[in-house]
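Take a look at the structure set out below.
The values are calculated or read from the model by the stated rules, or taken from the named source; none is laboratory data. Every value quoted in this text rests on a predicted model; they were computed, and no experiment measured them. Note that each Cβ is placed from the backbone with ideal geometry, even for glycine, and that neighbours are counted across all protein chains shown.
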Amino acid sequence: MNLTVSFLKDNSTGSLLLTRKALLTNETQDEFWVMKVLNDSIAVKIPVETGKMNDSMVEIISNGLDTTNTIILEGGYGLEDSSLITIVR
């Protein structure tokens, strides 16, 4: 049995890790965005630049997001920018 293992050696600073479920894209997968919640009632489309990805996590390397933001994980694909939403817990 033979196998090849690759290790990433570089470090990333100033980036966020999000679950892959939060990342939305168009049909050609050349634009990426997340839906951020403002004031617990408005969903805003935030374009993002992605870095490294695996099957469950994605690195967000663009500005506009921080660790205090609420991000939509389910049902965000059909939302327009500045849509009114209701948070269900």
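Is it fair to say residue 70 is exposed (fewer than 12 other Cβ atoms within 10 Å of the Cβ) and on the phi < 0 side of the Ramachandran plot? The answer is no for residue 70. For the stretch 71-89, the tally of residues that are under 14 Å from residue 21 (Cβ atoms) and among the β-branched types (Val, Ile, Thr) stands at 2.
Scan the stretch 73-89 for residues that are exposed (fewer than 10 other Cβ atoms within 10 Å of the Cβ) and either farther than 11 Å from residue 37 by Cα or in contact with a strand residue (DSSP E or B) (Cβ under 6 Å, 6 or more places away or on another chain) (or both) and the total you get is 6.
If the condition is being surrounded by fewer than 15 Cβ atoms within 10 Å (Cβ to Cβ) and at negative phi, then the stretch 39-56 contributes 41, 42, 47, 49, 51, 52, 53, 54, 55, 56. Among residues of the stretch 18-44 that are more than 18 Å from residue 68 (Cα to Cα) and touching a residue at least 12 places away in the same chain (Cβ under 8 Å), those with a Cβ under 8 angstrom from a residue that is among the aromatic types (Phe, Trp, Tyr) and not in a strand (DSSP E or B), sequence gap 6+ or separate chain, pair up as 24/77.
Taken over the stretch 29-52, the criterion of being charged (D, E, K, R) and modelled with pLDDT of 90 or more is satisfied by 30, 31, 36, 45, 49.
The single condition from (1) part of a strand (DSSP E or B); (2) out of contact with any Phe, Trp or Tyr (no Cβ under 6 Å at 6 or more places or on another chain) that residue 73 fails is (1).
For the stretch 61-73, the condition of being without any contact (Cβ under 8 Å) to a residue 60 or more places away in the chain and touching a Gly at 6+ places or on another chain (Cβ under 8 Å) holds for at least one residue.
Would you please name the residue that is modelled with the lowest pLDDT, looking only at residues in the stretch 1-28 that are of a type in the set (A, V, I, L, M) and in a loop (DSSP other than H, G, I, E, B)? If you could, list the steps in order and put the result at the bottom.
Applying the first criterion (of a type in the set (A, V, I, L, M)) to the stretch 1-28 yields 1, 3, 5, 8, 16-18, 22-24.
Pick out the ones that are also in a loop (DSSP other than H, G, I, E, B) and you get 1, 3, 5, 8, 23.
Values: 1: 88, 3: 87, 5: 83, 8: 69, 23: 93.
It comes out as 8.
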